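Before any comments, here is the structure.
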Amino acid sequence: MPQCSKTDEHAGLQEVHPKTLTQDPRRASTVREVKRLQESYGWDTFHGGSDGWRVFLQPSSDVDGPHFSPAVSGLMNQVHMNEATLSCIRARIEALTTFLLPVLRLPQEVLELIFKAGSRIPQDDPILGSSIPRPFPLVVAAVSRQWRDIALDTPDLWTNIVVKHPKPFGWVPLCLQRSCEQPIDITIDSRSANLLTTALVDQLLSRLLPHVGRWRRFALTTSDPATIYAVGNRLANASAPMLRHLQLSLSGSSGNQEVLLHEILQGGAEALTSVRFDSLSTPWHAPPLHNLIALDLRWLWHQTRLQYDQFRDVLGASPNIRALILRGTYIHLHAGRAYPPLQIPTLRYLELSGDTVCRMSSILETPNLQELTLANLDETEFREFVASLPLPGGAAGLGRYPVLRSLSLLNASMCTPTRRFTRALPTITHLTVINSATSKFLQLFRKEHADPTEDESGSGSVLSWPHLRKLTLVDDEVDYFLLHGVVRERAALGAPLDRLVLNAPFIHDDNLVATLEECVNVDIVKDVDLDH
């Protein structure tokens with residue numbers, strides 16, 4: 001068929017019953033639709049194609065004039081829907097472009113710092129049947145060419161090797177290669193024994209040991225003693241000159257399980273300053289347990305539990321220790337026997353738990369302690385601990401903890417705290433209460449519990465812990481109205497809180513948070529890591 005010009009085609013459309021098309025409103029809409037198609041798609045669309053488009057205007061036998069056939073009407077409806085969808089897509093693209101544009105303009109140095117921080121974000125524990133998250137460097141490398149180049153050219157981004165599932169084993173040699181001889185941090189979590197077996201962990205160690213000279217941190221957590229023994233055999237005579245932190249943790253609910261490693265890192269670990277052992281012991285008098293800055297001992301059972309003399313020697317081998325964590329069972333103290341005090345003037349952080357909190361706190365003399373954590377206390381042990389605290393002044397001098405700033409209570413079944421408790425620890429500025437009778441502390445803070453003696457200003461009352469500035473309450477049963485009253489009263493009495501940290505149950509009601517924020521800065525946390 002000979003081609004026609006745009007003018008001829010346009011004239012052809014106008015020749016079809018012109019009077020009817022212009023006078024009948026219904027048919028006038030047909031003209032408008034044709035014009036819209038002309039403007040939207042242009043005449044070139046029809047001119048360059050076949051004559052099939054002419055079926056759009058077919059005379060009908062029962063109507064005096066042209067109209068759209070049902071098939072064409074359906075196609076036009078589909079066109080309208082596609083146009084609407086395309087409009088939404090374009091709006092979404094524009095929104096994403098607006099969002100990404102500032103990110104894409106960030107300097108490379110800033111992106112490197114962000115990526116390094118992201119690579120250190122803790123991963124969820126492995127769950128059977130769940131999807132396995134991709135390692136962080138691989139995620140950012142898939143965003144854009146710029147991010148990929150930064151990820152591949154940043155060795156520090158590949159130094160954090162975390163293995164909690166057997167599938168990402170190919171990720172380990174990639175990290176070892178791209179980290180470019182930088183110090184590496186290794187975390188292995190095989191508590192899901194059906195996923196990460198002892199044989200697989202041993203195979204993994206065989207790949208990592210050639211790089212033991214680069215190890216900066218090594219942490220193993222498992223519920224299988226065989227895995228600890230396998231790793232211990234690998235590390236018995238190893239030399240790790242750059243290793244700073246060593247963690248070997250045997251956890252689980254299998255009873256009094258414990259592991260004795262007779263040798264570990266006998267080749268030397270000169271830089272080691274931080275050690276954590278769970279249900280495990282090594283020769284306490286020998287390296288690498290020398291010159292430590294932080295020592296963390298948890299759940300040492302019958303064969304691994306320290307005697308007093310051994311514990312004294314361990315502390316003596318680390319004269320500059322600053323952090324000491326003793327959780328569960330750790331030191332065997334004979335009932336009725338008096339023990340000489342142990343001087344630790346360098347200690348800044350102390351955590352005690354179990355049924356020997358009172359005796360251990362009395363034995364350890366820590367005049368420069370700044371942070372104290374008490375965990376897993378029953379009511380009797382807490383009462384004895386409070387009774388053992390000397391009050392400042394007189395023969396007691398400045399008290400047991402004269403410069404203590406932070407007090408944390410974790411899973412403590414406490415009796416109601418008294419004013420004696422707060423007077424024995426008068427310097428507290430940060431208090432953390434996690435699942436530990438929150439309402440009892442709030443009652444203690446109420447104005448009516450203030451010391452009846454006048455303060456220096458003569459106002460007539462001194463609140464409990466008047467220097468308190470940060471309060472953290474993690475408990476599903478926090479009394480909001482009691483808390484709100486405490487916050488307002490302390491502000492009115494000139495001892496306001498600067499920061500209040502609450503757990504997730506408050507998120508469901510923004511009004512509660514909003515009213516608290518009138519008096520104090522409020523932060524909401526969804527979970528708390530109790531296994532620090």
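Of the residues making up the range 88-117, those that are at pLDDT 80 or above and either under 30 Å from N194 (Cβ atoms) or assigned to a loop (DSSP other than H, G, I, E, B) (or both) are L106, P107.
A quick yes/no check of all residues on (1) buried (at least 18 other Cβ atoms within 10 Å of the Cβ); (2) out of contact with any Leu (no Cβ under 6 Å at 6 or more places or on another chain); (3) of a type outside the set (S, T, N, Q):
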| residue | (1), (2), (3) |
| --- | --- |
| Q266 | no, yes, no |
| E270 | no, yes, yes |
| V275 | yes, no, yes |
| W284 | no, yes, yes |
| L289 | yes, yes, yes |
| L295 | yes, no, yes |
| T304 | yes, yes, no |
| F311 | yes, yes, yes |
| A317 | no, yes, yes |
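For the range 243-273, the set of residues classified as under 18 Å from F311 (Cβ atoms) and within 30 Å of the chain's Cα centre (by Cα) consists of E258 only.
For the range 172-213, the tally of residues that are assigned to a loop (DSSP other than H, G, I, E, B) and either farther than 22 Å from R244 by Cβ or basic (K, R) (or both) stands at 8. Of all residues in the range 466-479, count the ones that are over 20 Å from P426 (Cβ atoms) and surrounded by fewer than 16 Cβ atoms within 10 Å (Cβ to Cβ). Number satisfying all stated conditions: 3. Residues that are part of a helix (DSSP H, G or I) and polar (S, T, N, Q) were ranked within the range 408-445; the one that is surrounded by the most Cβ atoms within 10 Å (Cβ to Cβ) is T422. Would you confirm whether or not the range 378-386 contains a residue that is surrounded by fewer than 18 Cβ atoms within 10 Å (Cβ to Cβ), polar (S, T, N, Q) and closer than 22 Å to Y349 by Cα? No, the conditions are met nowhere in the range 378-386.
Quick check on my filter: what residues within the range 355-397 are at pLDDT 90 or above, assigned to a loop (DSSP other than H, G, I, E, B) and of a type in the set (S, T, Y)? Result: T366, single match. Tell me, yes or no, whether the range 350-358 has at least one residue that is within 32 Å of the chain's Cα centre (by Cα) and of a type in the set (G, A, S). So far as the range 350-358 goes, yes, one or more of its residues are within 32 Å of the chain's Cα centre (by Cα) and of a type in the set (G, A, S).
Restricting R217, R234, R178 to those that are touching a residue at least 24 places away in the same chain (Cβ under 8 Å), over 24 Å from S279 (Cα atoms) and of a type in the set (K, R) reduces the list to R178.
The values are calculated or read from the model by the stated rules, or taken from the named source; none is laboratory data. Bear in mind that the values here come from a model prediction, so they are computed numbers and not experimental data. As a convention, Cβ positions derive from the backbone with ideal geometry for all residues, glycine included, and neighbour counts pool all protein chains shown.
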